[in-house]
Amino acid sequence: MKPIATPDATPRPGLRERKQARVRDTLIAEAMRLFSAQGYDQTTVDEIADAAEVSRRTLFRMFATKGDIVLAWTRGMTQALTGALADCPADMPPADAMMHAFTALVPHIAANRHDTYAFVYLIEKTPSLQSVSLQKYGKWEDCLAEGLARRITERRNRKTAARLMARGGIAIFRTALDEWIRLRGRPALVPLLQKTYALQISLWHETTGHAGPDAD
């Protein structure tokens, strides 16, 4: 006897919803391409609509402002980061799992190093996107803290520890991005991120009187 098929609890999106999702994804992709190529403030809504081959009205039906388009892109990065942490083995140390999630996030930023650098520079260095960047990191902190708290099981103050670890991890990530931008994206980002993490560990060991790994 064949097993009884269990219906999927999540209904499959209809044709209209799938079409809207494709248009939305295209708008985000084209907007990010234009923003990184010619500047956020210099790019007009009409240019984004033309590049995505949709009307201005369609764009505004999905996004009220250009900033909302960038926010939508950052939400995709948040989902990728959260998913990467959740996919780590349960017995992986929490700090290692968090850093694995950050390194796994890098390929999701863009398809190649050139575009990755352009997107990172856009988000981190555009003054009018500062609030978007801060919202992104705030959401990352919440998602990481929630995921890490599930992994920290031997502490009574595990939620505080998870929040502290999340904030520290984001500081490491942002420091690595700052250094990458200073170096104009020449080195690979993932090894630079790992080196920054190792440097942080060594600094903690030094200040507590223990020898740490050489980060150089």
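The values are calculated or read from the model by the stated rules, or taken from the named source; none is laboratory data. Since the structure is predicted, the reported quantities are computational estimates derived from the model, not experimental observations. Note that we place each Cβ from the backbone using ideal geometry, even for glycine, and neighbour counts take in every protein chain shown. For accessibility, only protein heavy atoms count, side chains too; no ligands or nucleic acids. Shrake-Rupley method; radii C 1.70, N 1.55, O 1.52, S 1.80 Å.
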Exercise for review: Just need the Rg to Rh number for the range 56-147, please, alpha carbons only, Kirkwood Rh.
Suggested key: 1.03
Exercise for review: Take every Cα pair under 8 Å in the chain that's 6+ residues apart, average their separations, divide by the length, and report that relative contact order as a whole percent.
Suggested key: 15
Check your understanding: With axes computed from alpha carbons, what is the tilt in degrees of helix 15-38 against the longest principal axis of the chain, rounded to the nearest 10 within 0 to 90?
Key -> 70
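Per residue Cα convex hull volume for the chain, in cubic angstrom?
Values: hull volume 40.5 nm³, N = 216.
Per-residue hull volume (Cα only) is 188 Å³.
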Practice item. Would you mind computing, in nm to one decimal, how far apart the modelled labels at Ser55 and Thr160 are, each placed 7 Å from Cα along Cα→Cβ? Key: 5.8
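Ignoring any ligand, DNA or RNA, what whole percent of the accessible area of the chain comes from carbon and sulfur when the probe is 1.4 angstrom?
Details: 7210 of 13440 Å².
Answer for the chain is 54 percent, counting heavy atoms of protein chains only.
Please tell me which of these pairs span more than 24 angstrom C-alpha to C-alpha: Lys66/Lys159; Lys159/Lys195; Lys66/Lys125? Don't skip to the end; give the middle numbers.
Details: Lys66/Lys159 35 Å; Lys159/Lys195 27 Å; Lys66/Lys125 16 Å.
The pairs that break the limit, which is 24 Å between Cα atoms, are Lys66/Lys159; Lys159/Lys195.
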**Study point:** Å² per residue, accessible surface of the chain at 1.4 Å
**Key:** 62
Check your understanding: Could you give the dipole magnitude of the chain about its Cα centre, charging the beta-carbon of Lys and Arg +1 and that of Asp and Glu -1, in debye to the nearest 20?
Key -> 680
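Could you order the peptides 14-24, 172-182, 106-116 from most to least packed, using the average number of other C-beta atoms within 10 Å per residue? Numbers along the way, then the final one.
Details: 14-24: 11.6, 172-182: 17.3, 106-116: 15.0.
So the peptides 14-24, 172-182, 106-116, ranked by packing, come out 172-182, 106-116, 14-24.
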